[in-house]
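Participant: I'd like to ask some things about the structure below.
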Ligand SMILES: [Zn+2]
């Protein structure tokens, strides 16, 4: 009798231990599945909460942003290319997105205010999994007159992107790049001031180290854009390629498949820029 009740107790302990083990396993398997869910999927399902409401420019931001969740820093020896498109959205945006989708490649779009209702295209870029960076609202060099003028313009494009996506981008590209000298006509030393102030406010700015040359003339042939773009294969590490999403730049769209194919066959991984991944800085000239 005693022996049988001991057996029962042992059985109970064993089954309790088994249940505990099964629960632990299920818990870790669940946690892993959550981890593996992409930032994009979480963003779409609303699991990632974006920073709400107004922007507090005086304080560095510590909240995790979706723009940081995307983009991995290159591993040592890894070949990575960041495709970047400035000055959109435009009539070409949809075609660029279709090419990127076809090759399953993600890119970074440094947007400006192009036309009334352009939030729709900005949202489309974001929803299709690409990175949105802040280029400028006006894209006028008069933004370099003062820090106040610059940050007022930045706030306007930040608000536009926020109204389109619900995301506060912290990734910036200066009109003309941080090395531009045109800003000297407006304010001596402004680029040095702005680069420091942006970082103090929790932004990261990113220039480029590879130029597709699509802005070297109004219309540049697709062949030339391809040739210039692929000349950086094995030359820069990683490659941050400058391209333009502007209405007249239809040849950029034509060149894109060949550029992607050549970088892909040279073993490059395509990624998006983020404040946490990689940022290229030019030498300042003002
Ligand atoms: Zn631009």
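Participant: Students often check this: by mean Cβ neighbours within 10 Å, which of 82-94, 248-260, 229-241 ranks highest, and how do the rest follow?
Facilitator: Those peptides, ordered most packed to least, come out 82-94, 248-260, 229-241.
Participant: Sort the following peptides by mean Cβ neighbour count (other Cβ atoms within 10 Å, averaged over residues), highest first: 178-188, 201-211.
Facilitator: Those peptides, ordered most packed to least, come out 201-211, 178-188.
Participant: Quick check: pseudo-label points 7 Å beyond the Cα along Cα→Cβ at residue 128 and residue 219, how many nm apart are they?
Facilitator: Each label point is offset 7 Å from its Cα along the Cβ direction, giving 2.4 nm.
Participant: If we sort 277-286, 152-161 on the protection proxy, mean other Cβ atoms within 10 Å, highest first, what's the order?
Facilitator: By packing density, highest mean first, the sequence is 152-161, 277-286.
Participant: If you scale each eigenvalue of the Cα gyration tensor by 5 and take the root, what three semi-axes come out for region 67-270, rounded to whole angstrom and sorted largest first? Could you put the intermediate results ahead of the total?
Facilitator: Numbers: eigenvalues 136, 72, 62 Å².
Over the Cα atoms of region 67-270, the ellipsoid semi-axes are 26, 19, 18 Å.
Participant: Gain in length, residue 196 to residue 75, computed as 0.36 nm per residue apart minus the alpha-carbon separation, to one decimal in nm?
Facilitator: Working: separation 121, 0.36 × 121 = 43.56 nm, distance 2.74 nm.
The span from residue 196 to residue 75 would gain 40.8 nm if fully extended.
Participant: Alpha carbon centre of region 160-180 versus region 241-286: separation in Å?
Facilitator: First find each Cα centre; the distance between them is then 16 Å.
Participant: Mind running the shape call on region 152-277? Use the C-alpha gyration tensor, a ≥ b ≥ c as the square roots of the eigenvalues: rounded below 1.5 for a/c, prolate if a/b tops b/c, oblate otherwise.
Facilitator: On the way: a/c = 1.74, a/b = 1.57, b/c = 1.11.
It is prolate, given that a/c is not under 1.5 and a/b is the larger ratio.
Participant: Any chance you could run the full-extension gain for residue 283 through residue 95? It's 0.36 nm times the residue separation minus the Cα-Cα distance, nm to one decimal.
Facilitator: Additional length available on full extension: 64.3 nm.
Since every read-out is calculated from the coordinates, none of them should be taken as a lab result. Since the structure is predicted, the reported quantities are computational estimates derived from the model, not experimental observations. So basically every Cβ, Gly included, is an ideal-geometry build from the backbone, and we count neighbours across all protein chains shown.
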